[in-house]
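Each remark here refers to the structure printed beneath this line.
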Amino acid sequence: MFLETHVEVTISNNAKYYASKGYGYLKQRSKVMVKVEDLPTKSHRHVFTRCDCCSKEWFACYANMYNKETHRCFSCNRKYVGEIMNTTKIISSNSNRIGENHPRFNPNKPEFKEYWRQVKVETDKNNLSLLENSSKRGKAGVNGAYHLDHIISVKYGFDNNISPIIIGSKENLRFISWEENYKKRAKNGMALGTLFALIEISNCATASGA
């Protein structure tokens, strides 16, 4: 933090600047006390400062400190930068986990994306507003928001060569909370045989109604 509220400056080509700050007309080479926060952002004026981490006091260049929420001395700043670099190294090491080295590597990604597209086409054919909690559909992280869930997961359908028509059927759709959906991921919410039975019952009901 800055320990000084005012500093003395010498007027040169900065007269107009300080006039705009309300200090009035100032003569060249005159000296005036100004508020620290009124110093130009690029000012090299040294201001008495206290380190927010170790409480060390020193004169710091205003241009280097004015826009920082935390004022650190040289030693504390080195420690801070070191911590940031260590974190960066951890993140960058993960960049090597690409392709076959990644734990979730999927060699059939193009095929899966096409399968997922077909499932979406079938899903969108349904009137989702008829599903329970459809009015609560929202984004992840929003309190009370729900996501559309394929009870038998799309990944399971792809891995087991199940028709996108089955996975995208209304009997395989429901709205669950976004938290529950994130935990579920690629798991199934019911047995595949149960889904086939529900679809058959639905088809029979439709046929009888016709």
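What follows is calculated from the coordinates using simple rules that are stated; it is not laboratory data. On a predicted model such as this, the values are computed, not experimentally measured, just so you know. For neighbour counting, all protein chains shown are included, and Cβ atoms are generated from backbone atoms with ideal geometry for every residue, glycine included.
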Put a dot 7 Å past each Cα toward the Cβ at E111 and E57; how far apart are the dots in nm? 7.3
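Would you tally the net charge around D38, using a Cβ to Cβ cut-off of less than 12 Å, leaving D38 out, and scoring K and R as +1, D and E as -1?
Around D38, the charge tally is +2.
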Taking a straight Cα-to-Cα line shorter than 26 Å from K109, and setting aside same-chain lysines fewer than 8 residues away, one finds K120, K125, K139, K155, K170, K183, K184, K187
Among the lysines in segment 4-81, how many pairs, 8 or more places apart or on different chains, have alpha carbons under 29 Å apart? 21
For the chain, count the residues as N, evaluate 2.2 N^0.38 Å, and divide the Cα radius of gyration by that value, please. 1.92
So how much slack lies between S163 and K35, counting 0.36 nm per residue of separation and subtracting their Cα-Cα distance, in nm? 38.8 nm
With angles folded into 0 to 90 degrees, how steeply does helix 109-124 sit against the dominant principal axis of the chain? Use alpha carbons for both and round to 10. 70
Expressed as an acute angle from 0 to 90° and rounded to the nearest 10, what is the orientation of the C-alpha long axis of helix 192-209 relative to the principal long axis of the chain? 60
